[in-house]
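A quick write-up on the structure given underneath.
The values are calculated or read from the model by the stated rules, or taken from the named source; none is laboratory data. Small disclaimer: the values here were computed from a predicted structure and weren't measured. Note: ideal-geometry Cβ built from the backbone for every residue, glycine included; neighbour counts use all protein chains shown. The accessibility values were calculated without ligands, DNA or RNA, using every heavy atom of the protein model including side chains. Shrake-Rupley method; radii C 1.70, N 1.55, O 1.52, S 1.80 Å.
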Amino acid sequence: LPRLVREFVAQNNTSQIKHVIQILSQEFALSQHPHSRKGGLIGLAACSIALGKDSGLYLKELIEPVLTCFNDADSRLRYYACEALYNIVKVARGSVLPHFNVLFDGLSKLAADPDPNVKSGSELLDRLLKDIVTESNQFDLVSFIPLLRERIYSNNQYARQFIISWILVLESVPDINLLDYLPEILDGLFQILGDNSKEIRKMCEVALGEFLKEIKKNPPSVKFAEMANILVIHCQASDDLIQLTAMCWMREFIQLAGRVMLPYSSGILTAVLPCLSYDDRKKNIKEVANVCNQSLMKLVIPEDDDVDEAKQLVPVPAEAASDETLSKAEAVSSAPLSFLCSSERIPVTLNLDGIVQVLDCHLHDTSIGMMTRIAVLKWLYHLYIKTPRKMFRHTDSLFPILLRTLSDESDEVILKDLEVLAEIASSPAGQTEGQGPSEGAEARSSHVELHVPSRGSPLSSSGTKGMECSPSTPTMNSYFYKFMINLLKRFSSERKLLETRGAFIIRQLCLLLNAENIFHSMADILLREEDLKFASTMVHTLNTILLTSSELFQLRNQLKDLKTQESRNLFCCLYRSWCHNPVTTVSLCFLTQNYKHAYDLIQKFGDLEVTVDFLTEVDKLVQLIECPIFTYLRLQLLDVKNNPYLIKALYGLLMLLPQSSAFQLLSHRLQCVPNPELMQTAEGPKPSAGSRRPAAASIDYTELLQHFERVQSKHLEARHQRAGRGEQLERR
């Protein structure tokens with residue numbers, strides 16, 4: 001046969017050559033008889049050897065029948081086919097490249113062949129074909145990629161090993177730029193990375209590592225946007241190796257591509273945020289996820305607040321979704337066709353709605369870890385700083401969950417939550433964007449100074465209409481008052497929160513916001529509180545904070561002197577609400593040095609119902625008088641002549657107390673008050689108590705005393721009603 005073929009070649013008789021090949025194919029290689037098929041395969045190989053360099057002209061006719069035999073049920077016949085194709089390819093060399101796809105397809109099937117001899121033969125053929133591809137510069141990568149993308153999803157270990165080996169070979173060829181087509185095969189590579197075989201996982205790791213090196217070397221040519229969704233999905237994988245590798249890729253993508261990754265922010269956050277709460281068993285993933293989170297946050301800039309989504313110059317790629325809503329195949333197909341890396345050439349718009357939705361979902365999820373909740377709150381705070389105008393469109397939907405987060409078990413979470421709420425309450429953007437539809441025109445016209453309630457104003461609210469509008473200042477927007485109202489509502493409905501975290505929350509708010517505004521607004525709200533028992537408890541809490549917290553030192557000094565009209569207005573506002581609790585009202589008078597009024601109030605205590613709780617509060621006030629806060633008050637006891645009402649007020653407290661340790665403490669203090677005759681000096685008479693602070697004369701103390709009586713009568717009536725309901729329940 002070889003001699004015959006060589007004669008035809010010498011005669012340039014192509015028709016006879018084709019005729020010989022056709023007979024070998026049709027009558028032998030494709031025969032029903034197995035021995036005839038073996039003979040045909042040997043004949044085709046011999047024919048190819050005889051043709052030599054001319055075999056390239058007849059490769060289609062030579063290869064097709066051999067590849068058909070790859071599917072033969074007889075393993076020996078498959079081996080002969082493999083051997084025949086090896087000889088054909090060895091002679092043709094580079095000429096077989098136009099037929100590479102069919103050869104690769106056949107080889108990928110033989111790689112998973114159960115017969116070891118067939119598999120061994122296919123490996124020899126595979127190595128030969130790799131050598132040809134490596135030394136050639138005519139490999140058609142474009143037509144090969146669809147086949148590679150299809151085969152890469154094989155579940156067979158040997159087929160996977162075969163695919164990875166070819167990817168490594170193609171990566172190593174300088175003239176072949178496989179990086180351009182990485183989006184087509186990246187998802188399949190990550191799936192192979194989860195193979196049970198350690199060897200295959202290692203090979204896949206090497207391949208992915210090589211790709212990442214190429215990406216770092218040449219970022220402008222990388223199609224980052226097309227691969228973002230794929231990474232988002234695999235960053236949520238249950239397999240640790242897949243998740244860690246995908247997270248490392250995501251870290252590099254964010255750092256290299258920059259704002260090109262912004263359209264995928266919500267998907268990235270969906271994948272990254274849960275990882276921040278991983279324990280030490282997944283420490284590596286947690287650390288990389290944290291870098292991803294920080295890097296992504298830095299991409300948000302103030303200019304994002306000015307860009308209108310409707311005027312975007314390029315279409316934003318579809319957001320990545322979670323595993324439940326976006327399959328891996330969809331992730332690949334939904335990627336845009338092209339996306340330039342340079343953010344200077346194509347402006348990228350921040351999809352704030354998607355990000356806020358993800359953050360909101362994570363805050364609602366009670367199962368997420370503390371570090372994730374902190375990261376979510378940091379994101380919200382960052383967005384309110386960088387893009388306040390757009391963020392205030394979402395404030396009405398975020399506000400309830402932010403308030404609920406104040407009940408979190410972690411102090412760190414509460415601190416971050418308060419930072420977000422404080423930013424909402426003080427941001428200038430809230431002045432124009434902050435009003436929800438429910439607040440209407442009244443809220444928009446509510447930018448007035450904090451005011452003192454008018455005299456004789458009713459205690460109970462006439463409705464909710466006036467409650468939602470804010471007496472705000474230039475540093476506080478309409479959400480400030482709304483925040484104060486809802487915070488007090490939360491304390492009212494969740495008394496445990498008030499007891500365990502109330503003081504902590506209010507003190508932190510005084511650091512984050514204006515303390516005077518906080519106390520002024522809360523006093524204003526409590527003035528209309530219908531739950532009188534809560535109002536009394538809340539006033540007691542606020543008073544304790546006012547008198548003892550270092551954060552309120554400046555506010556205490558302001559109230560102590562009452563030198564300005566603003567401080568006097570604040571005193572009047574606080575006083576009206578402090579009337580819910582008689583003892584705190586007296587302590588406020590002590591703080592503001594209104595000793596005569598304090599004495600007048602104590603005189604009214606004889607008309608009140610003296611309970612154990614009442615006496616306990618008097619006891620605490622006596623203890624407080626001995627603290628550094630009231631050092632100035634104790635020193636004023638030396639000036640007996642000018643502070644008679646201070647001494648009278650303290651004696652009044654002494655008379656209220658039973659024979660207890662507090663009684664002994666105050667009694668000993670009063671025993672130290674000197675004889676006024678001994679304290680006289682030659683300096684001449686000092687101004688009387690009434691003239692010591694003439695500015696305070698603008699305060700109508702008679703009206704304040706009447707207000708105190710009205711409030712206490714309401715409290716007495718409410719206590720009688722509660723007692724009556726209790727008796728009815730007992731009788732039933």
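Among 228-235, 192-199, what's the highest-first ranking by average C-beta atoms within 10 angstrom per residue? Show your work: numbers first, answer last.
Details: 228-235: 27.2, 192-199: 15.9.
Those peptides, ordered most packed to least, come out 228-235, 192-199.
With a probe of 1.4 Å, find how much accessible area the range 1-138 has per residue, and write the answer as a whole number in Å². Walk me through the numbers before you get to the answer.
Values: 6830 Å² over 138 residues.
With the other protein chains kept in place, the range 1-138 gives 49 Å² per residue.
Just to check I understand the Karplus step: with θ = phi - 60° and J = 6.51 cos²θ - 1.76 cosθ + 1.60, what whole-Hz values come out for the range 383-397, glycine and proline as x?
In residue order, the calculated couplings are 5, 5, 6, 7, 10, x, 4, 6, 5, 5, 5, 9, 5, 4, 7 Hz.
How would you rank 631-637, 210-216, 616-622, highest first, on the average number of other Cβ atoms within 10 Å across their residues?
Working: 631-637: 14.0, 210-216: 15.9, 616-622: 19.7.
Averaged packing, sorted descending, gives the order 616-622, 210-216, 631-637.
Could you work out how far the C-alpha centroid of the range 522-537 sits from that of the range 408-427, in angstrom?
Distance between centres, Cα-based: 24 Å.
Classify the range 499-583 from the C-alpha gyration tensor, please: rounded if a/c falls under 1.5, else prolate or oblate depending on whether a/b exceeds b/c. If you can, show how the numbers build up before the last one.
Numbers: a/c = 1.75, a/b = 1.15, b/c = 1.52.
Oblate, because a/c is 1.5 or more while a/b does not exceed b/c.
Net charge around Cys510, counting only other residues with Cβ within less than 15 Å of its Cβ (Lys, Arg = +1; Asp, Glu = -1)?
Values: positive: Arg501, Arg507, Arg556; negative: Glu419, Glu516, Glu551.
Net local charge, Cys510 excluded: 0.
Which distance in Å, rounded to a whole number, links the C-alpha centroids of the range 24-60 and the range 278-308?
Answer, in whole Å: 62.
Bin all alpha-carbon pair distances of the range 1-138 at 5 Å intervals from 0 and give each bin's fraction as a whole percent.
Going out from 0 Å in 5 Å bins, the range 1-138 shows 2, 11, 22, 23, 20, 13, 7, 2, 0 percent.
Could you tell me the extents of the range 241-293's C-alpha atoms along the three principal axes, largest first, rounded to whole Å?
33, 17, 16
Any lysines with Cα under 27 Å of the Lys533 Cα? List them, leaving off those in the same chain fewer than 8 positions away.
Lys465, Lys482, Lys489, Lys496, Lys604, Lys620, Lys714
Taking only protein heavy atoms and a 1.4 Å probe, what accessible area per residue, in Å², does the range 352-429 have with all protein chains in place?
Numbers: 2840 Å² over 78 residues.
Here the per-residue accessible area is 36 Å².
Would you please classify the overall shape of the range 60-200 from the alpha carbon gyration tensor, given that a ≥ b ≥ c denote the square roots of the eigenvalues, rounded means a/c under 1.5, and beyond that prolate means a/b larger than b/c while oblate covers the rest?
Working: a/c = 1.95, a/b = 1.19, b/c = 1.64.
Oblate, since a/c reaches 1.5 and b/c is not below a/b.
As a test of reading the structure, rank Lys386, Lys90 by solvent-accessible area (1.4 Å probe, protein chains only), most first. Mind dumping the intermediate values first?
Details: Lys386 65, Lys90 110 Å².
Highest to lowest solvent-accessible surface, that is Lys90, Lys386.
Please report, as a whole percent, how much of the solvent-accessible surface of the range 352-429 comes from carbon and sulfur atoms (probe radius 1.4 Å). Display every interim value, and only then the final one.
Working: 1450 of 2840 Å².
C and S atoms contribute 51 percent here.
Can you send over the carbon and sulfur percentage of the accessible area for the range 1-138, probe radius 1.4 Å, protein chains only?
Values: 3390 of 6830 Å².
Of the solvent-accessible surface of the range 1-138, carbon and sulfur hold 50 percent.
Counting heavy atoms of the protein chains only and a 1.4 Å probe, report the per residue accessible area for the range 560-683 as a whole number of Å².
Working: 5630 Å² over 124 residues.
Accessible area per residue, the range 560-683: 45 Å².
Going Cα to Cα from Lys202, which aspartates and glutamates come in below 19 Å? Please leave out same-chain ones fewer than 8 positions away.
Lys202 reaches Glu171, Asp187, Glu210, Glu214, Asp239, Asp240.
To the nearest 20 Debye, how big is the dipole of the range 352-429 about its Cα centre, given +1 on the beta carbon of each Lys and Arg and -1 on that of each Asp and Glu? Mind showing how you got there, number by number?
On the way: 8 positive and 11 negative charges, 79 e Å.
For this selection, approximately 380 debye.
Using per-residue counts of other Cβ atoms within 10 Å, averaged over each peptide, order 165-176, 59-70 from highest down. Write out the running numbers ahead of the final one.
Values: 165-176: 16.8, 59-70: 19.7.
Highest-to-lowest ranking by the protection proxy: 59-70, 165-176.
Can you work out ³J(HN,Hα) from phi for every residue in the range 617-623, in order, using Karplus 6.51 cos²θ - 1.76 cosθ + 1.60 and θ = phi - 60°, giving whole Hz and x for Gly and Pro?
Whole-Hz 3J(HN,Hα) from phi for the range 617-623: 5, 4, 4, 5, 5, 4, 4.
Between Phe614 and Tyr701, 0.36 nm times their residue separation minus their Cα-Cα distance comes to what? Mind showing how you got there, number by number?
Details: separation 87, 0.36 × 87 = 31.32 nm, distance 2.36 nm.
Difference between extended and current length: 29.0 nm.
Between rounded, prolate and oblate, where does the range 352-429 land on the alpha carbon gyration tensor, with a ≥ b ≥ c its root eigenvalues, rounded for a/c under 1.5, else prolate if a/b exceeds b/c? Each step should come with its number before you reach the end.
Working: a/c = 1.84, a/b = 1.41, b/c = 1.31.
In terms of gyration-tensor shape, prolate.
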